[in-house]
1. Roughly how large, in nm² to one decimal, is the mean projection of the convex hull of the alpha-carbon atoms in region 150-275?
2. Regarding region 22-65, what is the average projected area of its C-alpha convex hull, in nm²?
3. Counting pairs of Cα atoms in the chain, how many percent are more than 39 Å apart?
4. Please give the direction-averaged projected area of the C-alpha convex hull for region 321-373, in square nanometres with one decimal.
5. Explain nothing, just the number: relative contact order of the chain, from Cα pairs under 8 Å at least 6 residues apart, as a whole percent.
6. How large, in percent, is the carbon and sulfur part of the accessible surface of the chain at a probe radius of 1.4 Å?
7. With only alpha-carbon pairs counted, each pair once and no self-pairs, how large is the Kirkwood hydrodynamic radius of region 20-179 in angstroms?
8. Roughly how tilted is helix 356-373, in degrees to the nearest 10 and between 0 and 90, from the longest Cα axis of the chain?
Amino acid sequence: MAAAADAGPHGAAFAGARPAPRLLFFITNPAFLVSHRLPIALAARDAGYEVHVASMGGPAVAQLESLGLIHHTLPLSRTSMRPWTEARSLWAIWRLFRRVRPDVVHAVTLKSVLYGGIASRLARVPAYVAAISGLGYVFIRGTGLRGLLRRLALILYRLALGHPHSRVIFQNTADRDVLMEAGAVRADQVVMVRGSGVDLDRFTPTPWPEGPVTVAMASRLLRDKGVEEFVEAARLSAARGEGLCWRLAGSLDPENPASVRPDQLRAWQESGVIDYVGECEDVAGFYAQSHIVTLPSYREGLPKSLIEAAACGRPVVTTDVPGCRDVIEPDVSGLLVPARDARALADAVGRLAADEGLRVRMGAAGRALAERDFGLPGVVRTHLALYAGLTSFNGGSATPGT
């Protein structure tokens, strides 16, 4: 659909009445919108909003346009820190907001939240929603350059989140507390939403697979996700003769400074200590072939991979850090271990591997948790109510499953 269009596909339905409010999702990578926010965007479309998406280009753009969303390509980079490049991006964002004139901008992911908030204020966008899906790698423990970047990020958060008519969605209380203590967020802006929701019909418990106990991890191959600890835990498990299969799914991210190196990945594959299956499009199927799911990350917003694991009825081993610990009920649906501790990870996985009854009980508890707290319809309803409150618009019901 042509990005230059000023009237959306639903405008005709409002002939002689109030025009459809314009909702613009601003996100760096369009693939992330498809994987994490698409049901919300489609529900808003079906409720009567004219839905726009502004992002960099990519294969996901065609899918978004085929679904009736109006896409705008911007000169963005997920990881660039070059001042001139970033100034050019911010200028392009401001110009787009001035041209499209959205009623609400909903920014998702770190750079989009920062730049989108600043541009929304400069362009006088009436309302702004910022989705904090994690504060970024600079808020993981570190000093020196990382500490300097953390201070800079807090300054930018204060600028970006200072919109007078805005809401800030947090997925965990730790991130909320950091930004509130820094004076970047007011109490009246805060909205707590536990993740981006999970399709409970697609991610559903399946019979336990035959064969050796399989430990699954689905993640981008970043050091901050705990991939190196996963591999080291697999080595420790193999040395103990536990006979487990450690299966890793995900892709390298060359633009990210925390990405695993290609030669590292090749060495892991050649050692035989893990079974690397590459990028995984069918996560539900991947989990169906596992007995335990793990994500030994250093910090998260609320990891979708673990919400999906719970929905699949698989017990989880994850780290006692913001985001990860918010996805499980400790010692009920899964086990917590310290971050950056491969031995503790191996021990916790070994405990579950040796106790089938414990795996079954924790898996069932995880499914119950997902049904209670992480179902997609509830997340969609919350977002539609948020948009309606900011725009005074009440569209039709478009919540999945209702």
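The values are calculated or read from the model by the stated rules, or taken from the named source; none is laboratory data. In this text, all values refer to a predicted model and were calculated from it rather than measured experimentally. All Cβ positions, even for glycine, are placed from backbone atoms using ideal geometry, and neighbour counts span all protein chains on display. Each accessible area value is taken on the protein alone, full model and side chains, heavy atoms only, with ligands, DNA and RNA left out. Shrake-Rupley method; radii C 1.70, N 1.55, O 1.52, S 1.80 Å.
1. Here the figure is 11.7 nm², rounded to one decimal.
2. Taking a quarter of the hull surface, the average projection is 2.7 nm².
3. Cα-Cα pairs in the chain separated by more than 39 Å: 19 percent.
4. The number I arrive at for region 321-373 is 3.6 nm².
5. 15 percent.
6. Carbon with sulfur: 54 percent of the solvent-accessible area.
7. Kirkwood radius, region 20-179: 16.0 Å.
8. That works out to roughly 10 degrees.
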